[in-house]
Amino acid sequence: MDFNYNEEQQMLFDSVDRFGQQRFSQDKRRQALAGDIALNQKHWHEMAELGWLMIAIPEEAGGLGGSMADVMAITEAMGKNLVHYPFVATSILAPALLCDGSDAANVVLDKIGSGEAKVAAAFLEANSGYDLYRVGTTASSQDGAYVLSGEKCHVEDGGDADWYLVSARTGGSDDEVEGISLFLVPKDAPGLTVERFRSIDGHRHARLRFDQLRGAQRIGEADVALPVIERGVAKGIGAHLAEAIGSMEEVSRVTLEHLKTREQFGRPIGSFQVLQHRIVDMKIACEEARSIGSFANVHVGDENSSAAQRIAAAKVRVSECGIYVGKQAVQLHGGLGFSDELIVSHHFKRLYGLSVAYGSIDHHRKRYAE
Amino acid sequence: MELNFEAADIAFRDEVRDFFAGSIPEDWRTRVRAGLRLNPEELIHYQKMLAERGWGAPTWPVEYGGTGWSPVQQYIFWSEAARADAPAQFHQGLELIGPIIFTYGTPEQKDKYLPRIISADDWWCQGYSEPGAGSDLAALKTTAIKDGDHYVLNGQKMWTSYAHVASHVFVLARSSQEEKRQRGISLLLLDMESPGITVRKIPTMDEKYHTNDMFLDNVRVPVENLIGEEGRGWEYGKVLLDRERMVTASVAIFLKQTISAIRSAAARRVIGNVPLIEQPGFRGKLAQFEIEVMALQTMVLRLMADAANGAESGSRGSMVKLRWSQLTQEGTALWVEALGPEAMHFEAMEGEAAGLPSLPADMPYAMQGALYARVTSIYGGSSEIQHDIIARRAFGL
């Protein structure tokens, strides 16, 4: 048993970390966050050239076929440096969904790997909560083509997507597990309205409306897409866990540095016991998160219920620990922690965003209990 | 023990309720519920509205233009304001420097400044914190050197909230170097138009413009703008800090607004066929929050009763500040949670061909309120400092 990255994974982590440090240093990060399209595009292509975008694409589909530990090495380094690009949505979740071996899927996988296309998964609806089986959007078959109608209220990282992978009902009632199918829809399809939103952490999400959209491409078998969707989301969550761990450890490191250097009442504030205990609790939260996050990731996406339960448990605990660490990092920095200038508040906001991405703490606690 | 309002109090409550009925514009209400301050021009409008009714200074004595209300009446007034989703009055003039002026000021200072605070013709901000003097305020380095009939001020202030809209600032500065750091600090009143004052925005994580760096470069202040005696500003300043905690007590009453915001968001959001507010998990959390708010409000009521009876409140002001900041953080986070994934839709991106993008109801204020709430356990004496104060005052530790 070994919780550490192997040598290759460590090299992968180091390489992503270097990329982050060089391109997301304080001032450059601001430019990237401001939505400089050319700059964002340039970064994305660099990530493609380094092979990261195809890490989770199977070898038979032209990818690297990496393990979840490989994925963790990448997303942890991204979390450490707050790389805010839709890597998890595009390169982890989407490939897990595009697994039917069809030409349509393989074309998109190729473009994901080469950095030519971004993909986001559209599951959540106004009345669905975070439950993936509650699907009211319909796909009816007319003249041999599917016609999509309905709305998706929140598409994680859907703001810059070129394609959407959409859950829609080909059978059953709104909350049945059977009767759900998966469709591939290009962003400019007639009948699709996309509204885009900037989040607090620099990620860009979307809301979709399908108004009699004709010609959506079905991916995989009809009616039985739910298990594929759930396993895919589990992988997305697994990648996010490592991102949270990277962010938590980095913001804790920055906070420790502050405690050692900031002086009040004639001594470093780190000499006050109440703050020592706080930073210790932050450290414990990081340890907890890394342990349960790695444990859950080893079997993520397996077709058994204990794998699903583990990822739900890890999602709950890592989210709680992440929020705790983010809040305390702000608190221990005082007014500076609340400022936009220090990286601290940016970590807090990302950890907040991560805690609700692909399901809130309450949602996953409920899933664990089920 | 008598915990009911008297008949006269009930009559007063009805009078206040009538005043507030329909008086608060709809577009203020969501922001007020999020615990966000309204824009300066809106707060000025609100202050003028109260002043016209004679209620501009609810905590001041009648002789200085205040209402002379009893603490119970003040409590009723704030409760009714909260009930109507009215904002808290901007406090830096009204609750911080105003009382210092009428306690320690000269007759000229009282005449010059007090009426204009009530009428909102002047807007005051507080020049206390510095880059090296936050929790440890006595470490402040800004100097005030006497030069004839002026003080000349030099230094940098930080976290000077609303300096960008204020007409005046009250500043703590060192007028002499003494062995004990708390000595030799003077409290001075400055016109923001004085040459040598530069204000620079500090961007904050909630993306709202609150606060600033303020640079003082040979700013000349007439000696008649000194409050009380030279070198004794720390004592007056400490009165201000106590007062700031009392202000929190009044703000605590406004947590009821957060409860209504959470309730309405949770009633709107349906999962499956069941509104969130009817789901046991969420219901339990909301009930817990409401209970804790109720406990805090009874603490506030007790603080008011002590004040009415002329009793010392000891460290209860600090306790209320601590609990209020915790609850405002928990409440706004619960509101964000009630809104679901769309709460992350902070700002609609422009340039959509398909018409204007629409933000969900409550956004971005719920999220902005949740982010802003993080600073409530930092400003006005951080939670860590409040614990120290309570340990010292309550237990002599």
**OP:** Hey, can you tell me all the residues within the stretch A:342-358 that are open to solvent by less than 30 Å² (accessible area, probe 1.4 Å), touching a Leu at 6+ places or on another chain (Cβ under 9 Å) and within 11 Å of chain B (Cβ to nearest Cβ)?
**Re:** A:344, A:345, A:346, A:347, A:348, A:349, A:352, A:354
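Yes/no matrix, rows are residues, columns are (1) open to solvent by less than 50 Å² (accessible area, probe 1.4 Å); (2) among the aromatic types (Phe, Trp, Tyr); (3) within 11 Å of another protein chain (Cβ to nearest Cβ):
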| position | (1), (2), (3) |
| --- | --- |
| B:305 | yes, no, no |
| B:313 | yes, no, no |
| B:322 | yes, no, no |
| B:331 | yes, no, no |
| B:337 | no, no, yes |
| B:341 | yes, no, yes |
Original post:
If you go through the stretch B:294-342 one residue at a time, how many are in contact with a strand residue (DSSP E or B) (Cβ under 9 Å, 6 or more places away or on another chain) and not charged (D, E, K, R)?
Top reply: 2
Original post:
When you go through (1) within 15 Å of residue A:91 (Cα to Cα); (2) open to solvent by 70 Å² or more (accessible area, probe 1.4 Å) one by one for residue A:72, which number turns out not to apply?
Top reply: (2)
**OP:** Mind counting the residues in the stretch A:270-279 that are under 14 Å from residue A:260 (Cβ atoms) and either loosely packed, with under 13 Cβ neighbours inside 10 Å or more than 11 Å from every other protein chain (Cβ to nearest Cβ) (or both)?
**Re:** 4
**OP:** Keeping to the stretch A:81-100, report how many residues are more than 17 Å from residue A:297 (Cβ to Cβ), open to solvent by 10 Å² or more (accessible area, probe 1.4 Å) and either in a helix (DSSP H, G or I) or polar (S, T, N, Q) (or both).
**Re:** 1
**OP:** Taking the options B:144, B:173, B:163, name whichever one is assigned to a loop (DSSP other than H, G, I, E, B) and either open to solvent by less than 30 Å² (accessible area, probe 1.4 Å) or in contact with a His (Cβ under 7 Å, 6 or more places away or on another chain) (or both).
**Re:** B:163
Original post:
Does the stretch A:129-151 contain any residue that is in contact with a Lys or Arg (Cβ under 6 Å, 6 or more places away or on another chain), within 14 Å of another protein chain (Cβ to nearest Cβ), over 24 Å from residue A:308 (Cβ atoms) and not in a loop (DSSP other than H, G, I, E, B)?
Top reply: yes
Subject >> strands (runs of 3 or more DSSP E) (entirely within the stretch A:192-269) containing at least 1 residues that are within 14 Å of chain B (Cβ to nearest Cβ) >> reply: A:192-198, A:204-214
Original post:
Can you find even one residue in the stretch B:106-114 that is part of a strand (DSSP E or B) and farther than 28 Å from residue B:30 by Cβ?
Top reply: no
Subject >> Residue among B:71, B:58 that is under 16 Å from the mean Cα position of the chain (by Cα) and touching a residue at least 12 places away in the same chain (Cβ under 8 Å) >> reply: B:58
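Could you please let me know if residue B:52 is over 19 Å from residue B:362 (Cβ atoms), open to solvent by 30 Å² or more (accessible area, probe 1.4 Å) and among the acidic types (Asp, Glu)?
For residue B:52, the condition - over 19 Å from residue B:362 (Cβ atoms), open to solvent by 30 Å² or more (accessible area, probe 1.4 Å) and among the acidic types (Asp, Glu) - is met.
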Original post:
Among all residue pairs at least 6 apart or on different chains, which show Cβ distances below 8 Å where the first residue, located in the stretch B:263-288, is in contact (Cβ under 8 Å) with a residue 60 or more places away in the chain and the second is acidic (Asp, Glu)?
Top reply: B:265/B:362
**OP:** Among what's in the stretch B:132-146 and is touching a strand residue (DSSP E or B) at 6+ places or on another chain (Cβ under 7 Å) and within 17 Å of residue B:221 (Cα to Cα), pick the residue that is farthest from the other protein chains (Cβ to nearest Cβ).
**Re:** B:145
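Does any residue of the stretch B:153-166 turn out to be more than 23 Å from residue A:336 (Cα to Cα) and polar (S, T, N, Q)?
no
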Original post:
Within the stretch B:181-219, which residues are assigned to a loop (DSSP other than H, G, I, E, B), within 14 Å of chain A (Cβ to nearest Cβ), touching a residue at least 40 places away in the same chain (Cβ under 8 Å) and not hydroxyl-bearing (Ser, Thr, Tyr)?
Top reply: B:181, B:182, B:205, B:206, B:207, B:208, B:210
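I'd like to verify a number: residues in the stretch B:118-127 that are touching a strand residue (DSSP E or B) at 6+ places or on another chain (Cβ under 9 Å) and surrounded by 23 or more Cβ atoms within 10 Å (Cβ to Cβ), how many?
The number of residues fulfilling the criteria is 4.
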**OP:** Tell me which residues, restricted to the stretch B:20-32, are without any contact (Cβ under 8 Å) to a residue 60 or more places away in the chain and either of a type in the set (A, V, I, L, M, F, W, C) or not in a helix (DSSP H, G or I) (or both).
**Re:** B:22, B:25, B:28
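Suppose we filter the stretch A:325-339 for residues that are of a type outside the set (Ser, Thr, Tyr) and in contact with a strand residue (DSSP E or B) (Cβ under 6 Å, 6 or more places away or on another chain); how many remain?
1
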Original post:
Is at least one residue of the stretch A:225-234 at positive phi and surrounded by fewer than 18 Cβ atoms within 10 Å (Cβ to Cβ)?
Top reply: no
**OP:** Determine which single condition residue B:83 fails, assuming it passes every other condition in (1) open to solvent by less than 50 Å² (accessible area, probe 1.4 Å); (2) within 17 Å of residue B:11 (Cα to Cα).
**Re:** (1)
Original post:
Counting only residues that are at the interface with chain A (Cβ under 10 Å from one of its Cβ atoms) and modelled with pLDDT of 80 or more, how many does the stretch B:351-372 have?
Top reply: 7
Original post:
Does the stretch A:328-341 hold any residues that are open to solvent by 20 Å² or more (accessible area, probe 1.4 Å) and more than 7 Å from chain B (Cβ to nearest Cβ), and which are they?
Top reply: A:328, A:336
Subject >> Residue tally, condition free of Cβ contacts under 8 Å to residues at least 24 places away in the same chain and more than 25 Å from residue A:195 (Cα to Cα), over the stretch B:314-350 >> reply: 1
**OP:** Could you tell me whether any residue of the stretch A:300-309 is acidic (Asp, Glu) and away from chain B (no Cβ under 14 Å)?
**Re:** yes
Subject >> All positions within the stretch B:202-260 that are at pLDDT 90 or above and β-branched (Val, Ile, Thr) >> reply: B:202, B:204, B:211, B:219, B:221, B:223, B:227, B:258, B:259
Subject >> Flag if residue A:199 is over 25 Å from residue A:301 (Cα atoms), in contact with a helix residue (DSSP H, G or I) (Cβ under 8 Å, 6 or more places away or on another chain) and either open to solvent by less than 10 Å² (accessible area, probe 1.4 Å) or at pLDDT 95 or above (or both) >> reply: yes
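The values are calculated or read from the model by the stated rules, or taken from the named source; none is laboratory data. Computed from a predicted structure; not experimentally measured. Positions of Cβ are generated from backbone atoms using ideal geometry, with glycine treated the same way; all protein chains shown enter the neighbour counts. Side chains included, ligands, DNA and RNA excluded: accessible areas come from the protein's heavy atoms. Shrake-Rupley method; radii C 1.70, N 1.55, O 1.52, S 1.80 Å.
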